[in-house]
Amino acid sequence: MPVLTVRITATGVVQGVGFRPFVFNLASGLKLAGLVRNTGSGAQIVVQGETKNVRRFISKLEKSKFAAKYSCKEIASKKYRSFQIKKSKKSKVLSEFPSDLALCEDCKKELFSKTDRRYKYPFVNCVNCGPRFSIIKKLPYDRKNTIMSKFKMCPACREEYGDPKNRRFHAQPNACPVCGPKLSLFDKNAKLIAEREKAFELAAKLLKRGKILAVKGIGGYHLMCDASNKKTVEFLRKRKNRPYKPFAVMADINTAKRLCEVSRYEEAALKSPAAPIVILERKPNIEIQSISFDDTLGVMLPYAPLHHLLVKEIPVLVATSGNRADEPISAAEKEAFKNLSGIADYFLVHNRDIENRSDDSIVRFFPNASTKKIIIRRSRGYVPNPIATSTADSVIAAGGDLKNNFCVTRNGKAYLSQFIGDLADRPNMDFYSESVQKMKSFLEINPKRAVCDGHPGYASTQHFGGKSLKQSFAFHHYAHMASVIAEHNLKGKVLGFAFDGSGYGEDGNIWGGEVISFDSNKFVRVAHLDYFKLPGGDLCAEEIWRCGVSLLHKYGFDSDIPKLFGKYDWRSAVKMIDAGVNSPETSSMGRVFDGISAILGIKTLATYEAEGAIMLEAAANRTKSAGNYNFEIEDDVIVIKKILKGILSDLNKKMPNGTIAMKFHNTVVEIIDSCCKQYRAKTVVLSGGVFQNMLLLSKTIEKLQKKKIKVYFNEKVPINDGGIALGQLYISKMHSKNGKISKK
Ligand code: ZN
Ligand code: ZN
Ligand code: FE
């Protein structure tokens, strides 16, 4: 009988996902001998046996569910007696730095099976699912290096853990009701009320009764309440000081489909191990009690076993991060009690610590069941998976200050951190420096260089200043553009549109409506939105009527100001502009969206970031085609005077808001299109927070593709400031190639 020995190298996601037990069982079933072990880049398999069985093994392996590539080579080899799972080779097993995984189907079955020893146990997990990144103290990923080290496995768990045929073979967080973590319920004065099943049962009852609970999950706390209880939701809004910002909800897939349109790609994302929040289109006539005020709804499926148990009791739960506005998600109980006691009525917690905090990730798909999506927040479930891009080693990219994710490199891979948030807040800054330290120690790196935003006042820029690191700078909008170039590995000449709320520009002004050309070693701002003033500075991002007043004043439509903004102190705003007092210049597209939203009376005050623009998009979405306005590009400056004129005239004609909003969106697409013509673009990149506007993004891409222009945007990192760290890395690599470190 012909005997064949083949060595198979598997690269991809094969560690911490049950790959070795799968291989073991497959090989044993086919009576093959050999071995499987993890390596630094994946896994290595040797199979030996009858030729037809080896072939069958390879074909079954290739058809298996693992996201891996296999290369096979016949080898001359000694004779193996049996098939074994061998210890990892003693290399730096960096790929064993896994992200948190949502509960798998097998464990879910056990969770709801009355005869199972883990029936209703909120911490059930296996090698295919469970917490990972959130519990790791140091690498390699081994139980003793996680917060699970404090739980001694009972004999039954230990047996599973040691059995290569078992789904829990080397499942580091393996636990059961006998030996593992337990739930506790506290009242808001931190008084213990109940434990274990009692705690859960009581918590479910309290939620049904309309109470708000802080619930400890995987990467932090959620504030949860019954989404169908309007009064409770309003309470939560009041207590969280969040009058209009949409809340994400947690529901099972059937409920999600009842509430929203769910394409099969959206469904796949919802059900993926990362289990992000997916921004879905809400079905017409479905209103769930002041959860969201535009036509979308952020939905996530239950991902921790505790969530599955809760959703069985309360089908739609508000699940918003357990933080006070603008503070990082609470992880430790002490912190949670301190921060959330004014918001939550009760605390459902557990004694499995959270070593690394991370918020829920957020993605949004293009309309019409497209496969394409953008990432709005990249955190739990995606972190710390590296981003495939070639990059310089030993660099830390500081990120931006408003929606911070930083990025470090190792062995040519870029590791984007979890979402940190707004660094202007002290607690976020602490979270930032703590996370930077941790990431360095996990990856055993000591970066020699830091690349920071060009803004001299940014906390992140200052954090890395005056240290032993060589500091270089990347201007905000160039970094936006570079992040797309890095992601897609683009070569040659590229025209970029970096549209966002604000970022420090090369001339010291606040940029945000930038057209940038790049030719493989240099960024040149070729055109930009006409500067206008922001009376009150940063205040304009909230009091967005100020943007409206400023735009009207700039282009001589002063007579329209009193009737549109009579209830605000527009006179002082105009005075500030004319006197040049606290009125910085900006070319921000985000602020133009705000200004138009205010002029249309859709939103004049924003209670959360970009509310004006979001509601403008929502208004436009309720309309069909609508035409567009005129505009001018004079000496590389985009002048919107004619747009305003058109809008004011349409307002006079009592044209509906939605139609005007749609015409405005169409016009921005036209602006991009005519810049492409003027600067002869063949390849275009789009980046910046303004492109979270799905209507604008999809229309722009559609228009340019019709002209045979190649269009790219951020797909692996957030399209907002959460992605600029990757662009900073790219720019830092350019600097080092050019042999210089740019000093400002
Ligand atoms: Zn599982
Ligand atoms: Zn146990
Ligand atoms: Fe930005």
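The values are calculated or read from the model by the stated rules, or taken from the named source; none is laboratory data. What you see is a predicted model; the values in this text were computed from it and never measured. As a convention, Cβ positions derive from the backbone with ideal geometry for all residues, glycine included, and neighbour counts pool all protein chains shown.
Out of curiosity, is Ser134 more than 10 Å from ligand 1 (Cβ to nearest atom) and either in a loop (DSSP other than H, G, I, E, B) or closer than 21 Å to Pro302 by Cβ (or both)?
In short, yes.
Output the residues belonging to region 621-678 that are touching an Asp or Glu at 6+ places or on another chain (Cβ under 8 Å) and modelled with pLDDT under 95.
Asn621, Arg622
Going through region 155-181 one residue at a time, which ones are touching a residue at least 24 places away in the same chain (Cβ under 8 Å) and within 12 Å of ligand 2 (Cβ to nearest atom)?
Matches in region 155-181: Ala156, Arg168, Ala171, Pro173, Asn174, Ala175, Cys176, Pro177, Val178, Cys179, Gly180, Pro181.
Filter region 144-153 for residues that are surrounded by 16 or more Cβ atoms within 10 Å (Cβ to Cβ) and within 20 Å of Arg118 (Cα to Cα) and give the result.
Met148, Phe151, Met153
Output the residue which, of all residues in region 491-518 that are over 25 Å from Lys710 (Cβ atoms) and among the acidic types (Asp, Glu), is farthest from ligand 3 (Cβ to nearest atom).
The selected residue is Asp507.
The conditions are (1) away from ligand 2 (no atom under 14 Å from the Cβ); (2) out of contact with any Pro (no Cβ under 8 Å at 6 or more places or on another chain), and Phe200 fails exactly one of them. Which is it?
Of (1) away from ligand 2 (no atom under 14 Å from the Cβ); (2) out of contact with any Pro (no Cβ under 8 Å at 6 or more places or on another chain), only one is false for Phe200: (2).
Taking Phe186 as meeting all but one of (1) buried (at least 17 other Cβ atoms within 10 Å of the Cβ); (2) more than 11 Å from ligand 2 (Cβ to nearest atom); (3) hydrophobic (A, V, I, L, M, F, W, C); (4) more than 19 Å from Asp353 (Cα to Cα), write down the number of the exception.
(4)
Looking at Lys152, Lys120, which is the one that is within 14 Å of ligand 2 (Cβ to nearest atom), in a loop (DSSP other than H, G, I, E, B) and at pLDDT 95 or above?
Answer to the check: Lys152.
Kindly evaluate Lys87 against the criterion of being within 16 Å of ligand 1 (Cβ to nearest atom) and either within 21 Å of His170 (Cβ to Cβ) or surrounded by 14 or more Cβ atoms within 10 Å (Cβ to Cβ) (or both).
No; evaluated as a whole, the condition is false for this residue.
Kindly indicate which of Ala304, Ala319, Ala274 is under 30 Å from Ile602 (Cα atoms), crowded, with 20+ Cβ neighbours inside 10 Å and modelled with pLDDT of 95 or more.
The match here is Ala319.
Looking only at helices (runs of 4 or more DSSP H) that lie completely in region 219-330, which have at least 3 residues being touching a residue at least 60 places away in the same chain (Cβ under 8 Å)?
Because the criterion is at least 3 residues that are touching a residue at least 60 places away in the same chain (Cβ under 8 Å), the helices (runs of 4 or more DSSP H) in region 219-330 that meet it are 230-240, 264-271, 305-313.
Any residue in region 364-377 that is closer than 25 Å to Pro140 by Cβ and modelled with pLDDT of 90 or more?
Looking through region 364-377, none of the residues is closer than 25 Å to Pro140 by Cβ and modelled with pLDDT of 90 or more.
Matching residues to (1) in a loop (DSSP other than H, G, I, E, B); (2) within 25 Å of the chain's Cα centre (by Cα); (3) within 16 Å of ligand 2 (Cβ to nearest atom):
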| site | (1), (2), (3) |
| --- | --- |
| Asn446 | yes, no, no |
| Ser468 | yes, no, no |
| Ala479 | no, yes, no |
| Leu490 | yes, yes, no |
| Gly496 | no, yes, no |
| Ser502 | no, yes, no |
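Condition check ((1) in a loop (DSSP other than H, G, I, E, B); (2) crowded, with 23+ Cβ neighbours inside 10 Å) across all residues:
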{"site": "Ile516", "(1), (2)": "no, yes"}
{"site": "Val524", "(1), (2)": "no, no"}
{"site": "Pro535", "(1), (2)": "yes, yes"}
{"site": "Cys540", "(1), (2)": "no, yes"}
{"site": "Val549", "(1), (2)": "no, yes"}
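This table checks each residue for (1) surrounded by fewer than 17 Cβ atoms within 10 Å (Cβ to Cβ); (2) more than 20 Å from the chain's Cα centre (by Cα); (3) under 23 Å from Leu605 (Cα atoms).
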{"site": "Leu223", "(1), (2), (3)": "no, no, no"}
{"site": "Lys230", "(1), (2), (3)": "yes, yes, no"}
{"site": "Phe235", "(1), (2), (3)": "no, yes, yes"}
{"site": "Ile253", "(1), (2), (3)": "yes, yes, no"}
{"site": "Glu266", "(1), (2), (3)": "no, no, no"}
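Conditions (1) outside any loop (DSSP other than H, G, I, E, B); (2) buried (at least 22 other Cβ atoms within 10 Å of the Cβ), marked per residue:
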{"residue": "Leu348", "(1), (2)": "yes, yes"}
{"residue": "Arg352", "(1), (2)": "no, yes"}
{"residue": "Glu355", "(1), (2)": "no, no"}
{"residue": "Asp360", "(1), (2)": "no, yes"}
{"residue": "Val363", "(1), (2)": "yes, yes"}
{"residue": "Asn368", "(1), (2)": "no, no"}
{"residue": "Thr371", "(1), (2)": "no, no"}
{"residue": "Ile375", "(1), (2)": "yes, yes"}
{"residue": "Gly381", "(1), (2)": "no, yes"}
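Determine, yes or no, whether Ala681 is touching a helix residue (DSSP H, G or I) at 6+ places or on another chain (Cβ under 9 Å), farther than 23 Å from Thr296 by Cβ, in a loop (DSSP other than H, G, I, E, B) and in contact (Cβ under 8 Å) with a residue 12 or more places away in the chain.
yes
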